[in-house]
1. Give the residue, chosen from VAL136, VAL164, VAL198, that is of a type in the set (A, V, I, L, M) and not in a helix (DSSP H, G or I).
2. Can VAL75 be described as modelled with pLDDT of 95 or more and farther than 26 Å from SER155 by Cβ?
3. Could you grab me the full set of residues in region 127-149 that are under 29 Å from PRO173 (Cβ atoms) and open to solvent by 50 Å² or more (accessible area, probe 1.4 Å)?
4. For region 51-72, give me each residue that is under 20 Å from the mean Cα position of the chain (by Cα) and more than 17 Å from ASN112 (Cα to Cα).
5. For region 161-187, give me the residue count where each residue is in contact with a helix residue (DSSP H, G or I) (Cβ under 7 Å, 6 or more places away or on another chain), more than 16 Å from ILE117 (Cα to Cα) and not hydrophobic (A, V, I, L, M, F, W, C).
6. Out of GLY162, GLY166, GLY80, report the one residue that is open to solvent by 30 Å² or more (accessible area, probe 1.4 Å) and at positive phi.
7. If you check THR61, THR139, THR115, THR101, which single one turns out to be over 22 Å from MET231 (Cα atoms), near the ligand (Cβ under 10 Å from one of its atoms) and out of contact with any Phe, Trp or Tyr (no Cβ under 8 Å at 6 or more places or on another chain)?
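The values are calculated or read from the model by the stated rules, or taken from the named source; none is laboratory data. Everything numeric here is computed off the predicted structure, so don't read it as measured data. When we count neighbours, we look across all protein chains shown, and the Cβ atoms used for this are built from the backbone with ideal geometry, even at glycine. Calculation scope for accessible area: heavy atoms of the full protein, side chains included, ligands and nucleic acids excluded. Shrake-Rupley method; radii C 1.70, N 1.55, O 1.52, S 1.80 Å.
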Amino acid sequence: MDLGIRGKRALVCASSKGLGRGCAEALAEAGVDLVLNARGAEALDATAQAIRDRHQVQVTTVAADITSEDGRARVLDAAGEIDILVTNAGGPPPGMWQDWTRDDFIAALDANMLTPIALMTALMPPMIERGWGRVVNITSQSVKGPIAQLGLSNSARAGLTGYVAGTARQVAPHGVIVNNLLPGIHATDRADQLDGGVAEREGITLDEARARRRATLPARRYGSAEDFGAMCAFLCSQRVGFMVGQNVLLDGGGINATF
Ligand code: NAP
């Protein structure tokens, strides 16, 4: 399927590895030029070069913490005119409800709610002027089904989801389409980190923790960055013009719900 976005320019945040990289690869395959971001320059530059070699698109990199004001300013400066925005950042740490302090909540809100909102606020006005734009926010399955030990994530991402539900309807008349993409468990460093925590708590191996989790998924496997990237590229495409403010769950059937 021709996604109709060849020659567009996308900012993909937190994209040297994992789901962000999957999105960047799929957009590059569709002929989109990229601005990539992550904190660590080495992995970021290696990813950028691999994408240039494979897809012959232009790739600019900005090593910066996207959750800091200074980092965002540097990314936005380098980004220039952006048609497609994919927001992403690391997720908050797991823990127990009684241990989370106000500072923990503020950090989670900053990273996973206020950062994507700041990026949309900066980049959507020029999209509106040009009459075309796409935004995909990488959130989490925790928006549809809470993950108790990820209460900081549940809270921050629910806030972003509420913001998108309203704002997507305000910008849609101007050709700017905003949707959220909700990962269930995908085989990335983040999944290793969470499975590692389970293994440690329960006194089992990492492989046992993974096998246990796989068995809970109707698809009987973890998602891949390629699965995720393909859906992201579709949500950034011409084809998605009638889909406004939706929450697309990609979870191998893990959340047991009818809607
Ligand atoms: P990952 O494999 O750990 O990759 C994270 C990527 O983001 C890396 O490129 C990392 O590079 C970059 N990054 C992290 N924090 C950043 C920051 N503050 N500024 C700029 N770049 C940053 O994680 P992932 O699995 O792709 O997860 C992406 C998001 O989806 C996270 O919010 C996660 O909580 C959420 N999620 C993931 C899963 C899953 O199963 N994988 C499920 C539900 C939700 P640097 O470290 O060099 O910055």
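1. On the way: VAL164 fails: not in a helix (DSSP H, G or I); VAL198 fails: not in a helix (DSSP H, G or I).
Just a single option satisfies the conditions, and that option is VAL136.
2. Numbers: modelled with pLDDT of 95 or more: yes; farther than 26 Å from SER155 by Cβ: no.
Criteria not met by VAL75.
3. ILE128, GLU129, ARG130, LYS144, listed by residue number.
4. The initial filter retains those residues of region 51-72 that are under 20 Å from the mean Cα position of the chain (by Cα), namely 51, 59-69, 71-72.
Across region 51-72, the qualifying residues are ILE51, VAL59, THR60, THR61, VAL62, ALA63.
5. Final tally of qualifying residues: 4.
6. Numbers: GLY162 fails: at positive phi; GLY166 fails: at positive phi.
Answer to the check: GLY80.
7. Working: THR61 fails: near the ligand (Cβ under 10 Å from one of its atoms); THR139 fails: over 22 Å from MET231 (Cα atoms); THR101 fails: near the ligand (Cβ under 10 Å from one of its atoms).
Answer to the selection: THR115.
The rows are residues; the columns are (1) on the phi < 0 side of the Ramachandran plot; (2) within 16 Å of the ligand (Cβ to nearest atom).
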| position | (1), (2) |
| --- | --- |
| GLY175 | no, no |
| GLU200 | yes, no |
| GLU208 | yes, no |
| LEU217 | yes, yes |
| PHE234 | yes, no |
| SER237 | yes, no |
